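To keep things clear, I will list the structure first and then write my remarks on it.
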Amino acid sequence: MLFDRSPLSCIAYQQAISRLDVPADPHYAADIFTHAVHTGMTLPPDRYLYLRLPRETVLARQRHRGPVQPHLVDPRFIVANDHASLRYLAMLPNDRRLILDADRPISQLAATAAAFLAAPPTSPAPAAWTRMLDTPHGQPRTPAPAPHPA
């Protein structure tokens, strides 16, 4: 099953939006998702496909799709979101992550992604998203409360 978003994208969003002086709490998001995996409330993603979109591509897509919320194309947001995602992905073994540049031909992107997904990973699935945050680790933190069932 392939999802467009994962806990990683939600946490990276929180990290990036905080760079625009918008109240955000990436630590809380990371704690909640990590807690959900450790308690069996959700499954960690098996692998990550990350499609990097150059700003020019984002703006070109916008001309065809229509406007999006301005913060989503703010260069500060884009850089911070990319940084947070790549920081986490860099910690993963190669068989758990694939980073693709969107400026490559679609057929090449699809073939590369299909080959990546066809090979089962042998490394353990990662689940500790707190490792991606840009703050010192090991500081005492109040544990996140358990999420309420839907």
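Restricting to segment 80-97, and then to whatever is touching a residue at least 12 places away in the same chain (Cβ under 8 Å) and either among the hydrophobic types (A, V, I, L, M, F, W, C) or not in a helix (DSSP H, G or I) (or both), can you tell me which residue is surrounded by the most Cβ atoms within 10 Å (Cβ to Cβ)? The qualifying residue surrounded by the most Cβ atoms within 10 Å (Cβ to Cβ) is ALA84. Listed by first and then second residue, the pairs with beta-carbon distance under 7 Å, at least 6 apart or on different chains, first residue in segment 23-40 and touching a residue at least 12 places away in the same chain (Cβ under 8 Å), second open to solvent by 20 Å² or more (accessible area, probe 1.4 Å) and basic (Lys, Arg), are HIS27/ARG141. Of all residues assigned to segment 15-22, at least one qualifies as being open to solvent by 60 Å² or more (accessible area, probe 1.4 Å), without any contact (Cβ under 8 Å) to a residue 40 or more places away in the chain, on the phi > 0 side of the Ramachandran plot and more than 18 Å from the chain's Cα centre (by Cα). Every condition in (1) exposed (fewer than 14 other Cβ atoms within 10 Å of the Cβ); (2) on the phi < 0 side of the Ramachandran plot holds for TYR50 except the one numbered (1). The residue that is nearest to ALA90 (Cα to Cα), among those in segment 62-77 that are in a helix (DSSP H, G or I) and open to solvent by less than 40 Å² (accessible area, probe 1.4 Å), is PHE77.
Hey, can you tell me all the residues within segment 1-52 that are in a loop (DSSP other than H, G, I, E, B), under 30 Å from ALA119 (Cα atoms) and in contact with a helix residue (DSSP H, G or I) (Cβ under 6 Å, 6 or more places away or on another chain)?
First, the residues of segment 1-52 that are in a loop (DSSP other than H, G, I, E, B): 1-6, 19-25, 39-47.
With under 30 Å from ALA119 (Cα atoms) added as a condition, the list becomes 1-6, 39-47.
Across segment 1-52, the qualifying residues are THR42, PRO44, ARG47.
Given the structure, is SER85 of a type in the set (Ser, Thr, Tyr), closer than 16 Å to ALA12 by Cβ and modelled with pLDDT of 90 or more? Spelling it out, SER85 is indeed of a type in the set (Ser, Thr, Tyr), closer than 16 Å to ALA12 by Cβ and modelled with pLDDT of 90 or more. Against the criterion of being free of Cβ contacts under 8 Å to residues at least 24 places away in the same chain, open to solvent by 40 Å² or more (accessible area, probe 1.4 Å) and either in a loop (DSSP other than H, G, I, E, B) or not hydroxyl-bearing (Ser, Thr, Tyr) (or both), LEU59 qualifies. The condition of being among the polar types (S, T, N, Q), open to solvent by less than 50 Å² (accessible area, probe 1.4 Å) and farther than 29 Å from ALA125 by Cβ does not hold for THR34. For segment 98-128, filtered to residues that are open to solvent by less than 30 Å² (accessible area, probe 1.4 Å) and at pLDDT below 90, the residue that is farthest from TYR48 (Cα to Cα) is ALA102.
How many of the residues in segment 51-100 are of a type in the set (D, E, K, R) and within 12 Å of the chain's Cα centre (by Cα)?
Residues of segment 51-100 of a type in the set (D, E, K, R): 52, 55-56, 61, 63, 65, 74, 76, 82, 87, 95-97.
Checking the rest, the ones that are also within 12 Å of the chain's Cα centre (by Cα) come to 52, 82, 87, 97.
The number of residues fulfilling the criteria is 4.
The values are calculated or read from the model by the stated rules, or taken from the named source; none is laboratory data. All values reported here derive from a predicted model rather than from experimental measurement. Virtual Cβ from ideal backbone geometry, glycine too; neighbours counted across all protein chains shown. Side chains included, ligands, DNA and RNA excluded: accessible areas come from the protein's heavy atoms. Shrake-Rupley method; radii C 1.70, N 1.55, O 1.52, S 1.80 Å.
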